């Protein structure tokens, strides 16, 4: 029995796990869109490097002397800022104290714990003193972890989206052809599925990247081209069962073409389990991208990626500041858990009769 979308939606919302997943995914999408407007560091890639305050713990606060930069800032439109942030107007100089003496502003520049440097600037020169709090600390380059965490959600959602689109496009097409036409076409596609299935995912991604090259979108495409086999196997099985149904026989008797029967009559009735696999593939893609970035072959710095953030800060786990690596790890865990819970909720909603 084909279940209405309204019934599936109500069951999803009644399930606490899938509701939690939907909330987390919805919040992640909102954060990804407005990341540069809510991040404490709105510079491109949240790449404001202040090496003097590198490796600080969550909640660390520091006074800064803000001096206007010499080079003019390029004007950025609203959409430009939404997509890539905007350059800082000021240089951020960490200070311990400041005092005005005559026409000079005397500052004690923070260099390291117990080390400072005395400097003097004209008091009438444009400047501002501001106190900043780094709620999740700073990495070894002095960049704000919270800002990079917020902007890094874009990479995880983007890789999941590209992966799902590719895996569904390839998997649904090949699985539908194999299940509907059977025979030699089915044998060839099953052979290809078994070959892809036998190769470890990371090795297959590396091989595809050798062909496509190393880059931002190449890694997304490489991951997408490795996760279509689950979709193909499920669609093949569903189409094999559906092609024997009475309405398909009636469509053949009316002289409808194979393309019309397959894409307008069969596929719309077998897509339920595919959406469950799509949610699982979304979660798998996030984990694979994080692993590749950790190995140094995924997203390249300075672009923030949760896996890359773990790589840059994992040494702090056994030292004084484990949160630098735990924060992106927890973010990965929550987003992957959200998609898995949504997939479980979809499965239960599709299997339950109204």
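One line per residue, one yes/no per condition, for (1) within 26 Å of residue 321 (Cα to Cα); (2) at pLDDT below 90; (3) out of contact with any strand residue (DSSP E or B) (no Cβ under 9 Å at 6 or more places or on another chain); (4) not assigned by TED's automatic domain parsing to the domain that holds residue 322:
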site	(1), (2), (3), (4)
47	yes, no, yes, yes
52	yes, no, no, yes
64	yes, no, no, yes
69	no, yes, no, yes
72	no, yes, yes, yes
80	no, no, yes, yes
90	no, no, no, yes
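Kindly indicate whether residue 243 is over 30 Å from residue 48 (Cβ atoms), surrounded by fewer than 21 Cβ atoms within 10 Å (Cβ to Cβ) and touching a helix residue (DSSP H, G or I) at 6+ places or on another chain (Cβ under 8 Å).
Yes.
I'm trying to understand the selection: among the residues of segment 330-351, which are surrounded by fewer than 19 Cβ atoms within 10 Å (Cβ to Cβ) and modelled with pLDDT under 90?
Selection gives 347, 348, 350, 351.
What number goes with the only condition from (1) surrounded by fewer than 15 Cβ atoms within 10 Å (Cβ to Cβ); (2) more than 16 Å from residue 284 (Cβ to Cβ); (3) modelled with pLDDT under 90 that residue 203 does not pass?
Among (1) surrounded by fewer than 15 Cβ atoms within 10 Å (Cβ to Cβ); (2) more than 16 Å from residue 284 (Cβ to Cβ); (3) modelled with pLDDT under 90, the lone unmet condition for residue 203 is (2).
Could you check segment 205-217 and list, in sequence order, the residues that are closer than 15 Å to residue 296 by Cα and over 15 Å from the mean Cα position of the chain (by Cα)?
Hits for segment 205-217 are 205, 206, 209, 210, 213, 214, 215.
Within segment 156-196, how many residues are farther than 29 Å from residue 29 by Cα and either surrounded by 15 or more Cβ atoms within 10 Å (Cβ to Cβ) or not assigned by TED's automatic domain parsing to the domain that holds residue 298 (or both)?
Counting residues in segment 156-196 that are farther than 29 Å from residue 29 by Cα and either surrounded by 15 or more Cβ atoms within 10 Å (Cβ to Cβ) or not assigned by TED's automatic domain parsing to the domain that holds residue 298 (or both) gives 13.
Hey, can you tell me all the residues within segment 4-53 that are in a loop (DSSP other than H, G, I, E, B), touching a residue at least 60 places away in the same chain (Cβ under 8 Å) and touching a helix residue (DSSP H, G or I) at 6+ places or on another chain (Cβ under 9 Å)?
15, 39, 40, 41, 42, 47, 48
For segment 206-234, how many residues meet the condition of being without any contact (Cβ under 8 Å) to a residue 40 or more places away in the chain, crowded, with 20+ Cβ neighbours inside 10 Å and farther than 27 Å from residue 185 by Cβ?
0
Please specify each residue of segment 304-329 satisfying the condition of being surrounded by fewer than 19 Cβ atoms within 10 Å (Cβ to Cβ) and assigned to a loop (DSSP other than H, G, I, E, B).
If the condition is that a residue be surrounded by fewer than 19 Cβ atoms within 10 Å (Cβ to Cβ) and assigned to a loop (DSSP other than H, G, I, E, B), then 319, 320, 322 are the ones that fit.
Being surrounded by fewer than 15 Cβ atoms within 10 Å (Cβ to Cβ) and either closer than 21 Å to residue 62 by Cα or in contact with a strand residue (DSSP E or B) (Cβ under 9 Å, 6 or more places away or on another chain) (or both) is the filter here, so list the residues in segment 92-104 that pass it.
Selection gives 96, 97, 99, 100, 101, 103.
The values are calculated or read from the model by the stated rules, or taken from the named source; none is laboratory data. Bear in mind the structure is a predicted one, so any value in this text is a computation, not a measurement. Using ideal geometry, Cβ is built from the backbone for each residue, glycine included, and neighbour counts are taken over all protein chains shown.
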